[in-house]
Amino acid sequence: MKYINKKYVVLSLALVLLSITACKKYTDEYNPQSRTAETYYNTFAGFEDLTKSNYAPLRGIVNFTGLYYLGTDAFSTPSINDSNGENLYNNNLNSANGDVDGYLRQLYSAINIANNTLYWATQVKDGSATTINTRVGEAKALRAYYYYLLTETFGDVPLVLTRTTTISLIFTRTPEKDVYSQIVQDLTDAIAALPATTADFGRVTKGFAQHLLAKVYLTRGYKSYGGGQADFQLAATTAEAVINSGTYSLKTKYADLFDPSIANFQVNPEVIFSVQYSTNAATNSAGNSLQQYFMWDTQNTGLVGRSTFYGKTNNSTALDPYWFSNFDKTRDSRYLANVYDVVYVQVAGSFNNKSYAVGDTLLYYPAVAFTPEQKAAKKYIVINPDEYRTSPFSAGLRSYPQFKKFRDPFVTAYVDNGGARDTYVFRLAETYLIAAEAYLKAGNTAKALQYFNAIRARAAKPGNNPDTGLSYATEMQVSSLTIDDILDERLRELTGEEFRWLELKRTGTLVRRTLAYNDEAKAANALKAVHLLRPIPQAVIDLNRASFPQNPGY
């Protein structure tokens, strides 16, 4: 949706226009087109501009890596000695935490834009009624998404369904059950209003609302107030509606979804929804940071240095050894589609009294551990799978196969952010895994296996295993299934796309799996059931004039 991105500068004025009309004029303002909300948003052209502003907040919302990944089974901090509260669940995870405060504020700001859109949809005097109805569906679907993220993160939250134009200091926490009912209603309305496809790639469509509704039903099915088996069946049926719609299809090769050498690789029939960026620096804000996820810092060795090729990590989230242990490296093509198992010298020099030229192998991460004798015979450094928590260059830091899934062809320097590739939010492969999980919980293992094995077949390396004569796709099939199997498959398929913390929370496995596989969280031994909710920001509690209790344990 590059067209929409080019409008961001203008669209960011949406809330400003409201404040101009609501406040006294303390300073002289220059409004070159003499526009106000009341004279512009009630026109079809103005309303169309307003609706586009619903998409800008998504750039920030999908980038809370600490909240989404730290403190889970497969993700930790780059330093094994870090005291990060989101990873260790210690006293640093508290009501003053900047991430939870910024997250809540961004989500409610986005909700207000959606609510503003819904209000002005009733005031437009001209234009296409069909288009206006579609835009209402987009706003409701996005509002449902934001409330899903809010209530899964904080539990009971204020349910605000009308636009905010003045300061309000009185909010109460709506029971989670009621928030879920509103989410379902918004998505049901959106499904009825939205088209299956759009010429403006990047807008919300019917598939977005159906995919999210399937996940909402699936999540609610686990809850004490949920419908249990009925919700699981609804989740399965709704996911199947997306799968069988004819609108989407799985790419033949997993790697092609992320390969920037393929022209227009991000616009493909597997993508249900993605957050858009522009190659125009004037409208791209700081740019995407997706390419900085899950990498170790190459500048720790001068032989790689500040390499544009390997990229600059954001030093916030690292892959834990468990992530690497999850792959069948003989049969599964996704492993080498996600990481480089070799790091090449970028700057000529020496290390350990050995000279290296540009292009020489510096690091090798074998799938099967080398013996000490094998390691000693190599000029380059061999790092075995049980050594990923250590680095030959910097004590306390990790070194592991460098993550490459989100490499960005638009980043041409060693910089923060700067990316212009899209961020996949919903992809059909996840719809398959939602269907698999829903059918498993509903007691239909045969259907669950059907959808689960479809993803594994696509992930298989091409050809046959020379040791068995069987195709790798056949060998990737399984005949039994558990929730842990599905969570492991989600890691292999959706790293950096799914929000891992929410997936573990939904399935009731956050405490068990994190303490089993995250070495740092295990050592801290502070993670408990109370951490299934994040703390309410203290600033929110302090500003509120109604009763607004903190979540237990904070």
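The values are calculated or read from the model by the stated rules, or taken from the named source; none is laboratory data. Not measured: the values here are computed from a predicted model. FYI the Cβ positions are ideal-geometry reconstructions off the backbone, even for glycines, and counts take in every protein chain you see. Keep in mind that these areas ignore ligands, DNA and RNA; they rest on the heavy atoms of the full protein, side chains included. Shrake-Rupley method; radii C 1.70, N 1.55, O 1.52, S 1.80 Å.
Brief remarks follow.
- In plain terms, if you count all Cα to Cα distances in the chain and split them into 10 Å steps from zero, the share in each step is 3, 16, 27, 27, 17, 7, 2, 0 percent.
- Taking a ≥ b ≥ c as the square roots of the eigenvalues of the alpha-carbon gyration tensor, the range 405-496 is classed oblate because a/c is 1.5 or more while a/b is no larger than b/c.
- Counting only Cβ charges, +1 for Lys and Arg and -1 for Asp and Glu, the dipole size of the chain around its Cα centre is about 440 debye.
- Rounded, prolate or oblate (a/c below 1.5 giving rounded, otherwise prolate when a/b exceeds b/c) for the range 107-173 by Cα gyration tensor: oblate
- FRET efficiency, Thr237 to Val530 (Cβ-Cβ, R0 51 Å, nearest 0.05): 0.90
- Additional length obtainable on full extension of the chain from Ala96 to Asn315, 0.36 nm per residue less Cα span: 76.7 nm
- Accessible surface ranking that places the most exposed of Lys206, Lys52 first, with a 1.4 angstrom probe: Lys206, Lys52
- Percent accessible area from carbon and sulfur atoms, the range 389-517, protein chains only, probe 1.4 Å: 51 percent
- Fraction of accessible area attributable to carbon and sulfur, the range 131-204 (%, probe 1.4 Å): 55 percent
- Averaged over its residues, the chain has an accessible area of 40 Å² per residue, based on protein heavy atoms and a 1.4 Å probe.
- Over the chain, DSSP H runs of length four or greater, each weighted -39,500 (n - 2.57), average out per residue to a 222 nm ellipticity of -12000 deg cm²/dmol.
- Relative contact order for the range 484-554, counting Cα pairs under 8 Å that sit 6 or more residues apart, in percent: 19 percent
- Helix 176-193 and the longest principal axis of the Cα set of the chain meet at an angle near 80°.
- Relative contact order [Cα under 8 Å, 6+ residues apart], the chain, whole percent: 20 percent
- For the range 141-237: rounded, prolate or oblate by the Cα gyration tensor [a/c cutoff 1.5]: oblate
- Residue-level accessible surface for Asp200, protein heavy atoms, 1.4 Å, Å²: 30 Å²
- Subtracting the Cα-Cα distance of Ala192 and Thr412 from 0.36 nm times their residue separation leaves 74.9 nm of extension gain.
- Förster-model FRET efficiency, 35 Å R0, Gln229 and Thr172, C-beta, rounded to 0.05: 0.60
- Per-residue HN-Hα couplings for the range 151-168 [Karplus 6.51, -1.76, 1.60; θ = phi - 60°; Hz; x = Gly/Pro]: 6, 6, 8, 10, x, 5, 9, x, 9, 10, 10, 10, 5, 9, 10, 10, 5, 10
- Normalised contact order of the range 281-414, rounded percent, pairs of Cα under 8 Å and 6 or more residues apart: 27 percent
- Per residue, the convex hull around the alpha carbon atoms of the range 291-401 comes to 108 Å³.
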